[in-house]
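Written below as structure tokens is the structure these notes are about.
The values are calculated or read from the model by the stated rules, or taken from the named source; none is laboratory data. Predicted model, so just to flag it, every value in this text is computed and none were measured. Positions of Cβ are generated from backbone atoms using ideal geometry, with glycine treated the same way; all protein chains shown enter the neighbour counts.
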Amino acid sequence: MIPYGTQHITEQDIEAVTAVLTSSHLTQGRAVPAFEEAVRAFCGTGHAVAVNSATSALYLACLALGLGSGDRLWTTPNTFVASANCGRYCGAEVGFVDIEADTGNICASALATRLEAAARDGQLPKVLVVVHFAGQPCDLRQIHALCLPYGVRIIEDASHAIGASYEGDPVGCGRYSDITVFSFHPVKIITTGEGGMAVTQDGELARHMRRLASHGITRDPAEMQGDSEGGWYYQQIELGYNFRLTDIQAALGCSQMTRLQDNIQRRAALADRYDQLLQGLPVQPLRRAVARQSAWHLYVVQVAGQQPATQRARLYQYLQAHGVGVNVHYIPVHTQPYYQSLGHRPGDYPAAEAYYAGALTLPLFPTLTESQQDRVVSLIRQWSLQS
Ligand SMILES: *Cc1c(COP(=O)(O)O)cnc(C)c1O
């Protein structure tokens, strides 16, 4: 089976992990700060906080921005459920903004309309979570300009997009947002097994997220009530969690970071090749927006035809039956039973639902060979001839 995405592990990765296993610290050692520094420097931002998943990073980002019950968080329906769930963990109400059908990203003009209406009704969100779908950045400049007058804070869920760039700036630089979150799950661009990171230009937000990731405990006398009682002393000053990344994972992350650019170049070359090979077939790749460089986490197509949902289901079945592990990104979050139980309904975000009906994710990962790719394309051609 050719999977839709998978990790790439080298001898260098294995040696990096082994070195930690035989060292003094499996956690809270030197590999975590080294990994944070590698990502921080790559993004050209101020601060980086490593945690055990992007889900944890999104939750901490919301907490650090002060999201709580009575507040609202908006996100896109075309995402993994974690982009919305982080609002629910904080007790906030979750709302959605519809997408641009041809990129799968949140639609800036839909956002403009919703913000105006929400301002009129006194129902503005405190936080907007944008998702760089498939690795292609959203229209950050415009989204930021729309949110600024209303004081809406922006979190970039860049789980798909480490290494992507927007108008020449790396995703994570923080020019148009408060906090950016990366995922290091094995299907993503680089991996630590499980893992995530929050990056920000704001030192206070970073400090707060770091404290929350480790029980709400501080060892900094400046943050304590009263005086420190000695070198052993710490204080818990708020309720936090254990969301720490281990040094074993961070060592893998550091090693993976050294190949990030090569990895993305390879993904981009394969994506270009798909674009060429798929010409004339009844599948339409996502539009590539100008001045944006995708990290190519996913290669997504829309299955064309009168009844895209039926055609998509048939093509999915056909490819699966022939050993190609295609997938679908994403089932619109507002249609999930949990979100329906909160009052959301199918039909609420028609662009996301129409997009979902025809969406199919083809295999894309750095070790995908051209002959495997040729096989995927020739299967699509065979299917189109018989259907
Ligand atoms: C994978 C993913 C997440 C969650 O990442 P984890 O590291 O598995 O918690 C969140 N948002 C999006 C868009 C994702 O693709």
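Observations, loosely collected:
- Conditions (1) in contact with a strand residue (DSSP E or B) (Cβ under 9 Å, 6 or more places away or on another chain); (2) charged (D, E, K, R); (3) crowded, with 22+ Cβ neighbours inside 10 Å; number of the one not met by residue 247: (1)
- Residue count, region 192-205 (criterion: closer than 14 Å to residue 158 by Cα and either in a loop (DSSP other than H, G, I, E, B) or within 14 Å of the ligand (Cβ to nearest atom) (or both)): 4
- Inspection of region 279-301 finds no residue satisfying the criterion of being out of contact with any Gly (no Cβ under 7 Å at 6 or more places or on another chain) and part of a helix (DSSP H, G or I).
- Selection of region 61-77 for residues being over 15 Å from residue 158 (Cβ atoms) and either out of contact with any Cys (no Cβ under 8 Å at 6 or more places or on another chain) or away from the ligand (no atom under 14 Å from the Cβ) (or both) yields 63, 64, 65, 66, 67, 68, 69, 70, 71, 72, 74, 77.
- Within region 165-187, considering residues that are part of a loop (DSSP other than H, G, I, E, B), surrounded by fewer than 24 Cβ atoms within 10 Å (Cβ to Cβ) and in contact (Cβ under 8 Å) with a residue 60 or more places away in the chain, the one nearest to the ligand (Cβ to nearest atom): 185
- Residue 57 being crowded, with 24+ Cβ neighbours inside 10 Å and under 23 Å from residue 123 (Cα atoms): no
- Scanning region 366-387 for residues that are farther than 16 Å from residue 275 by Cα, hydroxyl-bearing (Ser, Thr, Tyr) and assigned to a helix (DSSP H, G or I) gives a single hit, 384.
- For region 136-145, the criterion of being in contact with a Ser or Thr (Cβ under 7 Å, 6 or more places away or on another chain) and in contact (Cβ under 8 Å) with a residue 40 or more places away in the chain is met by at least one residue.
- Hits in region 286-319 (condition: surrounded by fewer than 17 Cβ atoms within 10 Å (Cβ to Cβ) and touching a helix residue (DSSP H, G or I) at 6+ places or on another chain (Cβ under 8 Å)): 304, 309, 314
- Set side by side, the residues 180, 200, 192, 258 differ, and just one is within 12 Å of residue 51 (Cα to Cα) and either hydroxyl-bearing (Ser, Thr, Tyr) or more than 22 Å from the chain's Cα centre (by Cα) (or both), which is 192.
- Inclusion of residue 113 among residues that are under 20 Å from residue 170 (Cβ atoms), more than 14 Å from the ligand (Cβ to nearest atom) and either of a type in the set (S, T, N, Q) or not in a loop (DSSP other than H, G, I, E, B) (or both) is not warranted.
- Subset of region 333-346 that is in contact (Cβ under 8 Å) with a residue 40 or more places away in the chain and in a loop (DSSP other than H, G, I, E, B) - its residue that is nearest to the chain's Cα centre (by Cα): 336
- Residue satisfying condition, being surrounded by fewer than 24 Cβ atoms within 10 Å (Cβ to Cβ) and either within 26 Å of residue 304 (Cα to Cα) or within 16 Å of the chain's Cα centre (by Cα) (or both), within set 85, 105, 78: 85
- Residue match in region 260-267 (condition: surrounded by fewer than 18 Cβ atoms within 10 Å (Cβ to Cβ), among the basic types (Lys, Arg) and either within 16 Å of the ligand (Cβ to nearest atom) or touching a residue at least 24 places away in the same chain (Cβ under 8 Å) (or both)): no
- Counted residues, region 140-158 - those being surrounded by 24 or more Cβ atoms within 10 Å (Cβ to Cβ) and either among the small types (Gly, Ala, Ser) or assigned to a loop (DSSP other than H, G, I, E, B) (or both): 1
- Across region 81-93, a minimum of one residue is classified as within 15 Å of the ligand (Cβ to nearest atom), modelled with pLDDT of 95 or more, basic (Lys, Arg) and not in a strand (DSSP E or B).
- A search for C-beta distances below 8 Å between a residue of region 36-53 that is within 13 Å of residue 174 (Cβ to Cβ) and any residue that is at pLDDT below 95, counting only pairs 6+ apart in sequence or on different chains, returns nothing.
- When the residues of region 228-252 are filtered to those that are among the charged types (D, E, K, R) and in contact with a helix residue (DSSP H, G or I) (Cβ under 9 Å, 6 or more places away or on another chain), the one that is farthest from residue 212 (Cα to Cα) is 247.
- Test: residue in region 347-358 that is part of a helix (DSSP H, G or I), surrounded by fewer than 14 Cβ atoms within 10 Å (Cβ to Cβ), on the phi < 0 side of the Ramachandran plot and among the hydroxyl-bearing types (Ser, Thr, Tyr): no
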